[in-house]
């Protein structure tokens, strides 16, 4: 699992080149990034020969539940061959972050898949 660097979108800098800034998804089929305020999205660019299923991993219990007793079901998204997607946001942090403040995702395959977490700033 690799730790990704979050890019910030704000009024002063505008939107960066998502495709050009994205990095290869980790070969271990999982990535994480710091998610301090739950306004982070994940850009996924699948140039591979098969769809990539991205699973948003819920945080450690009780974080992975609503109202402390209703378990949150895993969210998966299929990013088709040659397609790009913007997933998220990964908030509230009480649901998506692990105990160290990281949001986590896993992938079904990473051949020619690039990713970039993008946070909304001020």
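Observations
- FRET efficiency, residue 8 to residue 50 (Cβ-Cβ, R0 30 Å, nearest 0.05): 0.40
- Under a Gaussian network description of the chain, with springs only between Cα atoms under 10 Å, the residue in 55, 13, 81 that fluctuates furthest is 13.
- In Å, descending, principal axis extents of the Cα set of segment 2-120: 40, 37, 20
- Spin-label zone in segment 98-121 - amide nitrogen under 11 Å from a point set 7 Å from the Cα of residue 29 along the C-beta vector: 106-110
- At an R0 of 25 angstrom, the distance between the Cβ atoms of residue 81 and residue 16 translates into a FRET efficiency of 0.50.
- DSSP bridge pairs, the chain: antiparallel proportion in percent, nearest 5: 85 percent
No value in this document is a laboratory result; all are computed from the given coordinates. Treat the numbers as computed from the prediction; the structure is a model and nothing was measured. Note that each Cβ is placed from the backbone with ideal geometry, even for glycine, and that neighbours are counted across all protein chains shown.
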